[in-house]
Amino acid sequence: MPENPDQGELLARLGLGADVPAPLRAAVVAALRWIEQIDREAAHSQAPPRDRV
Amino acid sequence: MRPLAVDLVLLRGQAPDLPLAVGRILAARVIERHGEQGIINLAGALLTAELPDEVQAGDRLRLVVRETTADRVVLQMMQSPPQPGMVPPPVEVPLPNGGRIALLGREQSARGEDGEAAKVVTLRYEGPGVGTVELRVALDAALVHVRAALAEGAPLTRAREGSSALRAALAAAAGRTAEVELVARPDPLDVYA
């Protein structure tokens, strides 16, 4: 899974630079995308009905 | 200073809820010492450990979790009780959704049966929907393994519903067989006496 520039910057800010193997960086990105998706769904389900999109 | 290694199975048998995330600080007491080995009380669990030379019976220790593998936990003794600001907090990166991510640790685990050491990254994600999540991503030549610890209840249930998607995404991203482990996050206590 290729990193987009924002994800590359995020990893760099976390301290996961080019010294980290590319497959591990890719796995971290995949895990973060997944938890962000789970988080969005959870936040959406907690919002009052009128606030849901 | 030489680290201490304790048996994970014994520790889990006596203290199943003890948080063992990398970077966690634990308090222990040396019960007795015989040569290089001794017995320590770690969160109520009595464990045999190989002790550094300078440690004596009765000493109180502050131990930092450096590494966890399938069968042991490696603990590093802190030189003295931590002072405010002595242990730098992890760098937190804010997210557009109001959440935050922090890197808790990077390490290389002990070699497995195939002689291959896994590279491991541990992160903490805090989001408005799921709360705090600890993510441990480990990669070796054949496998990518993610362990996610979420709060019991809706966050863990939702994560379990999405676990197959994570497994597929990991396999595609890392080009390896993917394993996903989802567990309930223990109470966020930082120090056990």
Determine which single condition residue B:128 fails, assuming it passes every other condition in (1) within 20 Å of residue A:27 (Cα to Cα); (2) modelled with pLDDT of 85 or more.
(1)
Members of segment B:94-107 found to be within 18 Å of residue B:22 (Cβ to Cβ) and at the interface with chain A (Cβ under 7 Å from one of its Cβ atoms), listed by number:
B:101, B:103
Could you please let me know if residue B:179 is more than 7 Å from chain A (Cβ to nearest Cβ), assigned to a loop (DSSP other than H, G, I, E, B), at negative phi and at pLDDT 90 or above?
no
Enumeration of residues in segment B:134-174 that are touching a helix residue (DSSP H, G or I) at 6+ places or on another chain (Cβ under 6 Å) and assigned to a loop (DSSP other than H, G, I, E, B)
B:162
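Can you tell me which residues in segment B:144-166 are closer than 23 Å to residue B:104 by Cα and either under 15 Å from the mean Cα position of the chain (by Cα) or surrounded by fewer than 18 Cβ atoms within 10 Å (Cβ to Cβ) (or both)?
B:145, B:146, B:147, B:148, B:149, B:150, B:151, B:152, B:163
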Strands (runs of 3 or more DSSP E) contained in segment B:17-80 and holding at least 1 residues farther than 15 Å from residue B:3 by Cα:
B:25-34, B:37-42, B:45-50, B:60-68
Per the filter on segment B:1-33, residues closer than 22 Å to residue B:55 by Cα and among the acidic types (Asp, Glu) are B:7, B:32
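The values are calculated or read from the model by the stated rules, or taken from the named source; none is laboratory data. All values derive from a computational prediction rather than experimental measurement. Reconstructed Cβ throughout: ideal geometry from the backbone, glycine too, with neighbour counts over all protein chains shown.
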